[in-house]
1. Please pick out the residue among F46, F52 that is at pLDDT below 90, more than 15 Å from the chain's Cα centre (by Cα) and crowded, with 18+ Cβ neighbours inside 10 Å.
2. Determine, yes or no, whether I194 is over 13 Å from A8 (Cβ atoms), under 20 Å from the mean Cα position of the chain (by Cα) and within 13 Å of the ligand (Cβ to nearest atom).
3. Checking R227 against (1) in contact (Cβ under 8 Å) with a residue 24 or more places away in the chain; (2) surrounded by fewer than 12 Cβ atoms within 10 Å (Cβ to Cβ); (3) more than 14 Å from G11 (Cα to Cα): exactly one of these is not met. Which one?
4. Just one of R60, R114, R40, R27 is touching a residue at least 24 places away in the same chain (Cβ under 8 Å), assigned to a helix (DSSP H, G or I) and away from the ligand (no atom under 16 Å from the Cβ); which is it?
5. Within segment 121-152, how many residues are in contact with a helix residue (DSSP H, G or I) (Cβ under 7 Å, 6 or more places away or on another chain), buried (at least 17 other Cβ atoms within 10 Å of the Cβ) and over 16 Å from E221 (Cα atoms)?
6. Which of the numbered conditions does S13 fail, given that it passes all the others? Conditions: (1) at pLDDT 90 or above; (2) more than 15 Å from M132 (Cβ to Cβ); (3) in a loop (DSSP other than H, G, I, E, B).
7. Report yes if some residue within segment 157-170 is modelled with pLDDT of 95 or more, within 14 Å of the ligand (Cβ to nearest atom) and within 17 Å of F20 (Cβ to Cβ); otherwise report no.
8. Give the residue that is nearest to the ligand (Cβ to nearest atom), with candidates limited to residues of segment 72-111 that are surrounded by fewer than 19 Cβ atoms within 10 Å (Cβ to Cβ) and small (G, A, S).
Amino acid sequence: MGKKITIAIDGFSSCGKSTFAKKIAERLGYLYIDSGAMYRAVTLEFLNWEAFRNNTPDTRMTQQILSGLQVGFSFNEQKKTYETTLNGKVVEDAIRSPRISELVSAVSAIPEVREKMVELQRLMGKDKGVVMDGRDIGTVVFPDAELKIFMTADPAIRAERRYKELQSKGVQASLEEVLNNILERDKLDQTRAISPLRKAEDAIELDNSYMTIDEQMEWAEKLIAARIC
Ligand code: DC
């Protein structure tokens, strides 16, 4: 076993970042952290606040919501997977709903939200041996990560993958709605003022439009080997 490193995986929505990142973490025995799930959990909490549903949150409201908020992950022994928790409660399914997907880009653009999540993410990764996926991991959260990967894929292919995933979970949405949501999120994520989605200068790009997960792993294997030896 070589030295422990930090692996940052960023990219567009529904590129298969989580599947890829999880697989790398499994292979290396590293901790996997889905930073998007954390922003989704915060969005779920915002929705619990009547005032948020009717207004754009101001700084005071945001601070109030964030002050008692606890976002984390707990291991599900039966499913052998980590699940997202909000204030101690598992919210893994609730945070994947189309309603949350619609609102999460706006919530994740709030400066106080980002500040709190980045602080938490750095704490979770402080001992290295972590694979974290998101939008700003290589640029902001871990700018010194030993391996940075930036994932892209054709939007139509991403929409199809996401559509199938939602269908398998019984979530109602048309392919057109899914594609529009993806395009809208791409735009919001790339144009927001703080920590917009962009490729870090030292990140290596992976376009997985026509790659299987095994092919992606094979591609990653060489990059990892060169860094942990
Ligand atoms: O990866 P995902 O689609 O579950 O992420 C949900 C949203 O969270 C995404 O639209 C942008 C935001 N996000 C972010 O701003 N920064 C991150 N590091 C991860 C996600």
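The values are calculated or read from the model by the stated rules, or taken from the named source; none is laboratory data. The shown structure was predicted, so the numbers you read here are calculated from the model rather than taken from an experiment. Here Cβ is always computed from backbone atoms with ideal geometry, including for glycine, and neighbour counts include all displayed protein chains.
1. F52
2. yes
3. With respect to (1) in contact (Cβ under 8 Å) with a residue 24 or more places away in the chain; (2) surrounded by fewer than 12 Cβ atoms within 10 Å (Cβ to Cβ); (3) more than 14 Å from G11 (Cα to Cα), R227 is out only on (2).
4. Only one candidate passes the filter, namely R27.
5. 9
6. (1)
7. Yes, because at least one residue in segment 157-170 is modelled with pLDDT of 95 or more, within 14 Å of the ligand (Cβ to nearest atom) and within 17 Å of F20 (Cβ to Cβ).
8. The qualifying residue nearest to the ligand (Cβ to nearest atom) is A109.
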